[in-house]
Each structure stands twice: as structure tokens, then as C-alpha cells.
1. Can you pull out every residue in region 63-78 that is at pLDDT 95 or above and touching a His at 6+ places or on another chain (Cβ under 9 Å)?
2. Given (1) within 28 Å of Val259 (Cβ to Cβ); (2) of a type in the set (A, V, I, L, M, F, W, C); (3) modelled with pLDDT under 95, identify the lone condition not met by Ala99.
3. Of the residues Leu181, Leu195, Leu154, Leu149, only one is closer than 15 Å to Lys211 by Cβ and hydrophobic (A, V, I, L, M, F, W, C); which?
4. Within region 181-191, restricting attention to residues that are part of a helix (DSSP H, G or I) and out of contact with any Pro (no Cβ under 8 Å at 6 or more places or on another chain), which residue is farthest from Tyr238 (Cα to Cα)?
5. Condition first: outside any strand (DSSP E or B), touching a strand residue (DSSP E or B) at 6+ places or on another chain (Cβ under 6 Å) and crowded, with 19+ Cβ neighbours inside 10 Å. Can you find one or more residues in region 17-38 that meet it?
6. For region 75-180, which helices (runs of 4 or more DSSP H) that fit wholly inside it have 1 or more residues that are under 20 Å from Pro8 (Cβ atoms) and of a type in the set (Lys, Arg)?
7. Of everything in region 36-57, what is closer than 18 Å to Gly71 by Cβ and touching a helix residue (DSSP H, G or I) at 6+ places or on another chain (Cβ under 6 Å)? Give them in sequence order.
8. Among all residue pairs at least 6 apart or on different chains, which show Cβ distances below 6 Å where the first residue, located in region 93-113, is within 21 Å of Leu19 (Cβ to Cβ) and among the basic types (Lys, Arg) and the second is at pLDDT 90 or above and surrounded by fewer than 17 Cβ atoms within 10 Å (Cβ to Cβ)?
Amino acid sequence: MRYIIHYPTLAFRPFIDKLYILSHDGYLTAPAELSSPANPSAAMVLNYGDRYRLHSNFSAGTLLPASFLAGFSSRAYRLELTGQVNMLGIVFRGIGLRAFFSSVNLGDLTDKRLDLSAIVGADAHRLCDQLAEAPTDATRFALVETYLLNRLRLINRTPTTADMAAHFMLENRGMLTMDGLADTVCVSPRHLRRLFTEQAGISPKFFAQLKRFNYVHFILTRDAKAGWPDFLTTGGFYDQSHLIRDFVEFTGKAPSVAVQRFRKTIELVTE
């Protein structure tokens, strides 16, 4: 499969981490499974190929809409792809999804997928059709950026205290204290917890925990030389059992099993 990353223009940087295209030139007659760890990233997915299924603790092979919004993932999940694989995704930064879809409650979206047409109507189908007809990937990225820029101007949202808190948690890979974070964004810990939970739907402490796990998982699945001791201090874990508990909580698997599963996904998806 082909996986292409596109980083957005400066106007989007406070709200969007990246855009990507996942595609396959052939036709999948047998299912291909892609695994993803728990992560503190909401997303928008525009599928201009065949629809696919989601497997998780919260979904038993649900056939997903052609286009949808995805909330934060508190547990690992698998995608079951068949037929024509063509999709474009937008990975939002922190709680940046709300800059484009202010009516969406991120708390209601955690571990869920919401049909995009329920939010934007016919625009969802129109976008997918335009992506299918576009001659190049560059054209596809430009189409989506133009659409998102119009929504950003319409909503006219500026970064909030919760946005700034999410930014610092992401920049520090979740490895910071809540008291220190509150001092950084100039509010009390209690006020930070209330503000962030209202806008993100999860507490800042859990958001940081997700990011910390996601970072450690990323390194272990991509660097064969990395080992558990490397993260017992730099990863913010008290000891090895603490790290193992996070792996079991967020993947349902022992660390060695989880890492091997996700390495298979990396092998399948080449950048």
C-alpha cells in the first residue's frame, strides 16, 4: 500500500498535524488488516474507495461511512480493508477538530466514528467524488485544504487555553505534571481540568497519558534497538510494571505481542 504524508500550510498548523493518503493500486480480494494504537488524535477521513470495517472493544466489525469524523482512541483498534483502497485523512492537532466543526462534542466522539454527512450534508459526498476524479494526490490535498480553509474562516476560532494545554502536552510527549502544565498556561490546575475536559471530552491527565503511551509505542515499533529501560526515566514511567500496565490497558496485549502486531502494519503500509 502507498502512504503519503502532506503537512499543511501555516494557517492550519495550530489545528492540524498532517494530512495523508492511503491507497492501493490493485484490488484487495482478501482482507488486509491495519492496526492502530490508542492515541490522542481526532481525525476526518474521506474514503473515495470501498468502505471498510472497524474492529475494536467498542465495534465488532462495523462498516464505516464513506466519510466520517473520528474521536480520540482510548484503546487499540483494527481496520479491515477490502476491494479498492483510496482514502484521504486529516489528523487534527490536540482539540483542533473544533476549529472546523464547532458543533461536535469531542467527549461524545471518543472511540467513535460520526458520519460526516450528518454534519456537513451533501458536502461530504461531493468531496469524496472530487477526490475520486482528481488527477493527482497534490490536487486532492489542495481540494481538501481549500474546503477546510473555508470552514476555518466561517467558524473563525482562535486557539484557546485548552488548545495551548494540548499543544504543550503534545510537544512534551505527555511527560509533564498537571501542576506544571497549569502554570504554563496561567490557570489553576482545577480550572485547567474543567476547561480542558469541557472542550476535549477527556481530562488533561488522560490526554497526557495517551500521548506518552503513543510516543513510547511509536519508538518501540520502529526502532528494533530500543528497549524497555530506555523509557523508564525518559518515558515518565516509574518502573517496568508501570509501562507494561499501560500497554495492556491501551492495547489489550502484552508489550512484545502488541509491538509485533503493529510492526506488521508498518510493513504493509510503506511511505
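1. Ala66, Ser67
2. For Ala99, the exception is condition (1).
3. Answer to the selection: Leu181.
4. Step one: of region 181-191, the residues part of a helix (DSSP H, G or I) are 181-184, 189-191.
Checking the rest, the ones that are also out of contact with any Pro (no Cβ under 8 Å at 6 or more places or on another chain) come to 183-184, 189-191.
Numbers: Asp183: 24, Thr184: 24, Pro189: 23, Arg190: 25, His191: 27 Å.
Going through the qualifying residues, I end up with His191.
5. yes
6. Fully inside region 75-180 and qualifying: 137-155.
7. Pro37, Ala38, Asn39, Pro40, Ala42, Leu46
8. So the pair list comes out empty.
The values are calculated or read from the model by the stated rules, or taken from the named source; none is laboratory data. Since we're looking at a predicted model, the values are computed, not measured. Cβ atoms come from the backbone with ideal geometry, glycine included; neighbour counts cover every protein chain shown.
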